[in-house]
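The values are calculated or read from the model by the stated rules, or taken from the named source; none is laboratory data. Not measured: the values here are computed from a predicted model. Neighbour counts run over all protein chains shown; Cβ positions are idealised from the backbone, glycine included. Side chains are part of the model used for accessible areas, which takes the heavy atoms of the whole protein and leaves out ligands, DNA and RNA. Shrake-Rupley method; radii C 1.70, N 1.55, O 1.52, S 1.80 Å.
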Amino acid sequence: MDFRWDLIAEYAPFFLKGTLLTIGLSIVSILIGTVLGLLIGLGKMMKRKLLALPFKWYINFFRGTPLMVQILLVHFGLVPLFLGTTNAIVAAILALSLNSAAYIAEIFRAGIQSIDKGQVEAARSLGMTHVQAMRYVILPQAFKRMIPPLGNEFVVLIKDSSLAALIAAPELMYWGRAMQGQYMRAWEPYLTSAAIYLVLTLSLSFLLSRLERRLATE
Amino acid sequence: MIEVKQLKKIFGTNEVLKEINVTVKPQEVVVVIGPSGSGKSTFLRCINMLETITAGHVLIEGIDITDKKTDINKVRTEVGMVFQQFNLFPHKTVIENIMLAPVKVRKVPAEKARAKGLELLRKVGLESKAEVYPDSLSGGQKQRVAIARALAMEPKIMLFDEPTSALDPEMVGEVLEVMKQLAKEGMTMVVVTHEMGFAREVGDRVLFMDGGIIVEEGEPKELFENPKEERTKSFLSKVL
């Protein structure tokens, strides 16, 4: 088997373009998913069961159905409903955000509930409102504990963004498949894609472990 | 200053407080003793509504905190609390622990809050620890910081929930010393404790609780030396 480096070099500009879109999709989806996940996590923790129910079912739905189905639903159903026509990048971001929000909501909930009850009590006894106690006392501590599972989720999201190739969002995997179609080669496009994904996920893990060390209080 | 009227607390089917009536006067130090499970901690936690109150009334400086219209957060700023497990905020340094509530709740400028915090740390003998995180402190030091944190809100009343029960024996003294000093300065205090020596020396009045009621109350000397109730006698014979 000869490995055609020259083909990869030829295709490099497309891989670069795809990688940039993959990074963009991932960052935007992580940001939206995190904010949405926090709200849904807090929603699910509401004391009134009836109010918490929609949040619970949101999580059930997005965790219990395949991401691929969700991407297709958003791409061919949801986005046209609002924009009139569909847009692969918007659909990919929306599907990835909605999906990761369900997982991130559970990460937030676990993080918040892992903080000792005495912390809220101390904050409230000082006259803080529930919101202030959450914001200044509980969430900063919970966030620290959430970094490892959040890191996992972000890594999953970067990898899952490759499913956007299905709806022809021109991200990394899309160009990998296009290259395979053009040259009828398997190893060059897919190993290149794999290597780039690996670099992306490893960089993210590295950044998160640095963040974790910076937040250490001992 | 504090009026507790017919206070009742029920957890599920467990009646923890049956009917508590207590009045605490300004500058008074009331010490609550009793076996575990007697409801003394629950009683203390009802005074600042950390526990919901099943029935009855608690008035802080004439304000009924069981009234739904009362802003409980405002009342709590006047009632400091010290916990058995310290409950310092581990993600904040000692001085940040102390400054947080004055800055966020009372809207004191940060510089002023810091100066006040350092002054309080000096008072509890921990000025040198201002910039460290609570994890590096001993239990006694943590509890002294917790007291300083509560005092930073300039409360009119201080509640202590077994403040020395989680401490190694050699650290109990340093915490009690700070509390004694506070009592001397005229702070109104309600202290739940197992430290009978402290109760006797510092308390103006001792309440003995058992089974969700106040079995007996009186001046420390009287209660410790001439208990009237059988239950008080048998409890004291075990702890003294």
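At 1.4 Å probe size, with the rest of the protein present, what percent of the exposed accessible area of the protein assembly as shown is carbon and sulfur atoms?
59
Say R0 is 22 Å: what FRET efficiency, to the nearest 0.05, do B:Asn226 and B:Glu201 get from their beta-carbon distance?
Rounded to the nearest 0.05, the efficiency is 0.75.
Can you give the average number of partner chain beta-carbon atoms within 10 Å of each beta-carbon in peptide A:126-139, as a whole number?
Other-chain Cβ atoms within 10 Å of each residue's Cβ, averaged: 5.
With a 1.4 Å probe, how much accessible area is buried between chains A and B, both sides summed, in Å² to the nearest hundred?
For chain A against chain B, roughly 1900 Å² becomes buried.
Choose one answer from B:Leu126, B:Leu50, B:Leu223: the residue with the largest mean-square fluctuation in a GNM of chain B with alpha-carbon springs under 10 Å.
Residue with maximal mean-square fluctuation among B:Leu126, B:Leu50, B:Leu223: B:Leu50.
Could you work out Rg/(2.2 N^0.38 Å) for region B:149-240, with Rg from alpha carbons only?
Normalised Cα radius of gyration, region B:149-240: 1.14.
Give me the accessible area of A:Ser26, 1.4 Å probe, in Å² rounded to the nearest 10.
Near enough 10 Å² of accessible area.
How do A:Leu172, A:Leu53 rank by accessible surface area computed with a 1.4 Å probe, from largest to smallest?
Correct descending sequence by accessible area is A:Leu53, A:Leu172.
Tally the DSSP beta bridges in chain B and give the antiparallel ones as a percent, rounded to 5.
55
Probe 1.4 Å, all protein chains in place: accessible area of A:Tyr183 in Å², nearest 10?
50
For chain A, what are the DSSP H helices with axial Cα length of 24 Å or more and mean Kyte-Doolittle hydropathy of at least 1.0?
A:5-44, A:88-113
Could you tell me the accessible area of A:Phe3 in Å² (1.4 Å probe, neighbours in place), rounded to the nearest ten?
Taking all protein chains as shown, A:Phe3 has close to 60 Å².
For the pair B:Glu131/A:Val131, report the inter-label distance in nm, with labels modelled 7 Å from Cα in the Cβ direction.
Here the modelled spin labels are 3.5 nm apart.
Connecting C-alpha atoms closer than 10 Å in a GNM of chain A, tell me which of A:Ala194, A:Ala165, A:Ala92 has the biggest fluctuation.
With Cα springs under 10 Å in chain A, the top fluctuation among A:Ala194, A:Ala165, A:Ala92 is at A:Ala194.
Output wanted: per-residue J couplings in Hz (rounded whole) for region B:44-54, from phi through Karplus 6.51 cos²θ - 1.76 cosθ + 1.60, θ = phi - 60°, x for Gly and Pro.
Taking θ as phi minus 60°, the curve returns 4, 6, 6, 5, 10, 6, 6, 10, 5, 9, 6 Hz for region B:44-54.
Run the helix sum for the protein assembly as shown: -39,500 (n - 2.57) per DSSP H stretch of 4+ residues, divided by residue count, reported at 222 nm to the nearest 500 deg cm²/dmol.
My calculation for the protein assembly as shown gives -18000 deg cm²/dmol from helical runs alone.
For chain B, with a Gaussian network of springs between Cα atoms less than 10 Å apart, report the residue from B:Val145, B:Val124, B:Val31 with the top mean-square fluctuation.
Its mean-square fluctuation being the largest, the pick is B:Val124.
Please give, to one decimal in nm, the separation of the simple spin-label points placed at B:Ile213 and B:Arg122, each 7 Å out from Cα toward the Cβ.
Distance between the two pseudo-spin positions: 5.1 nm.
Over the protein assembly as shown, with the other protein chains present, what is the accessible area per residue in square angstrom, probe 1.4 angstrom?
I get 48 Å² per residue for the protein assembly as shown.
Order A:Arg4, A:Arg109, A:Arg177 by their accessible area, 1.4 angstrom probe, all chains in place, largest first.
Final ranking, largest accessible area leading: A:Arg177, A:Arg4, A:Arg109.
Can you work out the FRET efficiency for the pair A:Val28 and B:Gln27, with r the C-beta to C-beta distance and R0 = 56 Å, to the nearest 0.05?
0.40
What lysines does B:Lys9 reach when the alpha-carbon gap must be under 16 Å and sequence neighbours fewer than 8 apart in one chain are set aside?
B:Lys18, B:Lys40
What FRET efficiency comes out for the pair A:Leu166/A:Met46, r = Cβ-Cβ distance, R0 = 45 Å, nearest 0.05?
0.80
To check my understanding: the extent here is largest minus smallest coordinate of the Cα atoms along each principal axis. What are those three numbers for the protein assembly as shown, in Å, largest first?
100, 48, 42
Looking at the square roots a ≥ b ≥ c of the eigenvalues of the Cα gyration tensor of region B:85-240, which shape do they give, rounded for a/c under 1.5, prolate if a/b is larger than b/c, or oblate?
prolate
Calculate the dipole size of chain A relative to its Cα centre from +1 charges on Lys and Arg beta carbons and -1 charges on Asp and Glu beta carbons; express the result in debye to the nearest 20.
Roughly 980 debye for chain A.
So for the pair A:Ala186, B:Lys18, with labels modelled 7 Å out along Cα→Cβ, what separation do we get in nm?
With each label point 7 Å from Cα toward Cβ, the separation is 8.2 nm.
Quick one: of B:Lys5/B:Lys142; B:Lys104/B:Lys129; A:Lys47/B:Lys69; B:Lys92/B:Lys123; B:Lys104/B:Lys142, which pairs are farther than 26 Å apart, Cα to Cα?
Where the Cα-Cα span goes over 26 Å, the pairs concerned are B:Lys5/B:Lys142.
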